[in-house]
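Following: one structure in C-alpha cells, then a few remarks.
Nothing in this text is a laboratory measurement; each read-out follows from the coordinates by a stated rule. Everything numeric in this text was worked out from a predicted model, so none of it was measured. Reconstructed Cβ throughout: ideal geometry from the backbone, glycine too, with neighbour counts over all protein chains shown.
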Amino acid sequence: MFWLHLLILLSFILIGAQLKGVALGFMGALGTLIFVYVFNLPIGKAPIDVMLIILCVISAAASLQAAGGLAYLVSIAEFIIKKNPAAITFIAPFVTFIFTLLAGTAHICYSLLPIIADVAAKKKIRPERPLSISVVAANFGITASPISAATVAMFTELNKIPNNTFGIVQIISIIMPASLIGILAGAIVANFMGTNLDKDAQFLNSMPQDDFKEKVVHSPQAKWSVFIFLSGVLGVILLGLNPNLRKTSMVESIELIMLSVVLLNVTFAKIKATDIASTGIFKTGTEAIVSIFGVVLMSNTFINAHSTFLSQNLQPIVSNHVWLFAFAVFIMGALLFSQTATVKAIMPLGAQLGILPAHLIAMYPAVNADFVIPSYPTLVAAINFDKTGTTRVGKFLLNHSFMLPGITLTFVTMLAAYGIIYFFY
C-alpha cells in the first residue's frame, strides 16, 4: 500500500501546485480525508505552532506595510541597486536576500523586481541574469532569517531530537554565511547566461527610454515602523543568543514579540488596526497558512503511517550515504512550494533515520527548491516584469531561467554549510 499512498500524496501535491493559491491546502485536506476514511490511516499532527508563528510574523510585516515602512525599505534597496547598475547581477541578489532575511518573507521582493529589470535593461544587461538569481536568493533569505516560520519550524524539529545542541542562533550562524557564499556562486553562473542585449538588434530597436520617476517622500511614521519592526527582529535574536533571558519557549517568545510589534506600529506609526488585514502581505500569509495546514497534515499522515517501512528501507542507504537525504529534501521542496511545509514534512523523517542535527542543518537550504517548477509567484512575477522576454520558461518546463542559478546556489550553500559545521562545530 505504500506505493499507492505515495502516488496519491504526490498527485494531490502536484494538482494543488498547478491550481495555485490556497488550492494546495485544500488538496492536502482532501488527501488527508482519503488517507483517514478510505485507507484507515491514523491522522498526523497538524503544524499548529508553525501556523501561529506565520500568523504573528505576517501580522508584524503587514503592519510595517500598512505604515509605509515596506515602501521605505524598498526605496533603500532601489538606491543601492541603482548606485552601481553595471554590477546589478551581483548586487541585486544580495539586496533581495538581506531584505527577505529582515522581513521573514520573500514576498518583499515583488517591489524590487521591476526595479532590477528596468535598471538591467537600460544598462543593456540581460535582465534574465539579475532577475533569475535575485528571485532564488530572496528565498534563501527565508532559511537564513531568525524570524521566518521555516527557521522556527527547523528549530522545533531539531529540538525533538535527544541531546540536540543546535538552536536558532546556531542555525543562522551556519546558514547565513553559507548562503552568502552560495549567492556569489549563483551570481557568477547567472552572469554568463544568454547573450548580451547589446548584440540583440530586436531589443536595441525597441529599448525603452529613461523615464522620469518622481521622488517619493516617506513619512516619519514609515521610518518609525521600520525601527519598531527591526527592534522586534533584534529582540528575537537576543533571546536566541541568551536562553536564560527567556521566560517561555522560543516559539512563544517570537509570537509575543511579533504581536507586540503590531501594537507598537498601531500606536506610534499611526496606522489603523483594520488596515493590516487588507495588506498584500497579510493576504499572502494567510494563504500560506491554509496551504501549510492541508499539505503538512497530509504528508505527516503519510509519513507516520509508513515510518517503519521508510526506516527499514532507507536506513541502510542513508547510513552509508547521508547526503542522499538532501535529494529527498530538495524534491519535497520542489513539490510543496513552501520551505516551512517542507521542513515539517521531511525533517522528522530525517530524525527518525538517525541523521545528526548538524547534517540536517546542512541540508536545510535544500527546502528552497520551489524554483524547480516555474509556477511559484515570485518566479512568475520576475518573468512578467522582464519586458525584454529574456526571463522565461523553456519548451520543456524545467529548462527555465531560474534552474541553473538555483541549483548552483542550493548546491554551493549546502556544501559551504557542511564546511562551516566541519571546521567550527
(request) Report the full-extension gain for the segment Ala87 to Leu356: residue separation times 0.36 nm, less the Cα-Cα distance, to one decimal in nm. (result) 92.9 nm
(message) Among 320-333, 128-141, 293-306, 55-68, how do they line up by average Cβ neighbours within 10 Å per residue, starting with the highest?
(response) 128-141, 55-68, 293-306, 320-333
(request) Report, in degrees rounded to the nearest 10, the 0 to 90 angle that the Cα long axis of helix 168-190 makes with the longest principal axis of the chain. (result) 50 degrees
(message) Cβ neighbours within 10 Å, averaged per peptide: list 249-258, 353-362 in order, most packed at the top.
(response) 353-362, 249-258
(message) Quick check: pseudo-label points 7 Å beyond the Cα along Cα→Cβ at Ser278 and Ile317, how many nm apart are they?
(response) 5.2 nm
(request) Any chance you could run the full-extension gain for Leu7 through Ile76? It's 0.36 nm times the residue separation minus the Cα-Cα distance, nm to one decimal. (result) 20.2 nm
(message) Below 8 Å, C-alpha to C-alpha, sequence gap of six or more: please give me the relative contact order for region 2-424 in percent.
(response) 28 percent
(request) Can you check what the net charge comes to around Glu255, using other residues whose Cβ is under 15 Å from the Cβ of Glu255 (Lys, Arg +1; Asp, Glu -1)? (result) 0
(message) If the elastic network links every pair of Cα atoms under 10 Å, which of Thr286, Thr274, Thr342 fluctuates the most in the Gaussian network model of the chain?
(response) Thr274
(request) Return the sequence-ordered ³J(HN,Hα) values of region 330-337 in whole Hz as given by the Karplus equation 6.51 cos²θ - 1.76 cosθ + 1.60 applied to θ = phi - 60°, using x for Gly and Pro. (result) 4, 5, 5, x, 5, 8, 8, 6
(request) Kindly rank 174-184, 74-84 from highest to lowest mean number of other beta carbons found within 10 Å of each residue. (result) 174-184, 74-84
(request) Using label points projected 7 Å from each Cα along Cα→Cβ, tell me how many nm separate Thr165 and Asn304, to one decimal. (result) 3.2 nm
(request) Lys and Arg at +1, Asp and Glu at -1: add these up for the other residues within a Cβ distance under 15 Å of Arg246 and post the number. (result) -1
(request) May I ask for the distance between the Cα centers of region 38-117 and region 146-187, given as a whole number of Å? (result) 17 Å
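If the chain between Ser173 and Phe227 were fully stretched, how many nm would it gain, using 0.36 nm times the residue separation less the Cα-Cα distance?
Numbers: separation 54, 0.36 × 54 = 19.44 nm, distance 2.35 nm.
The span from Ser173 to Phe227 would gain 17.1 nm if fully extended.
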(message) Tell me the angle of helix 403-424 to the major Cα principal axis of the chain, expressed in degrees between 0 and 90 and rounded to the nearest ten.
(response) 60 degrees
(message) Please report the net charge: other residues with Cβ closer than 15 Å to the Cβ of Ala382, K and R +1, D and E -1.
(response) 0
